[in-house]
Amino acid sequence: MVLNQVIGTGLSATELPVLQLGGGLIELAILFLVLALVAGVLGARGVAGLSMDIAKWLVIIFVVLAVVTFFL
């Protein structure tokens, strides 16, 4: 898909962005945060804690990738 966009615009392969990761990390982190809140309200503390941990790590990965992309 990216290759078709590059061919259509006439860009060379060296002009592609270096990192294209992290597109859905924030959305996934928000999803797990909401899941953790709902599970916490319903009393499923194990699921809530696990969902919070997943959301926390997704946000950390997103921030690291954003900083790396900013400096590249």
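Observations
- Flag if LEU11 is modelled with pLDDT under 55 and on the phi < 0 side of the Ramachandran plot: yes
- Contact map, the range 39-60: first residue more than 13 Å from LEU28 (Cβ to Cβ) and in contact (Cβ under 8 Å) with a residue 60 or more places away in the chain, second residue among the β-branched types (Val, Ile, Thr) and part of a helix (DSSP H, G or I), Cβ cut-off under 7 Å, separation 6 or more or different chains; the map is empty.
- Subset of the range 17-55 (residues that are modelled with pLDDT of 90 or more, within 11 Å of the chain's Cα centre (by Cα) and exposed (fewer than 15 other Cβ atoms within 10 Å of the Cβ)): none
The values are calculated or read from the model by the stated rules, or taken from the named source; none is laboratory data. In this text the structure is predicted, and so the values were computed from the model without any measurement. Every residue, glycine among them, receives a Cβ derived from its backbone with ideal geometry; neighbour counts consider all protein chains shown.
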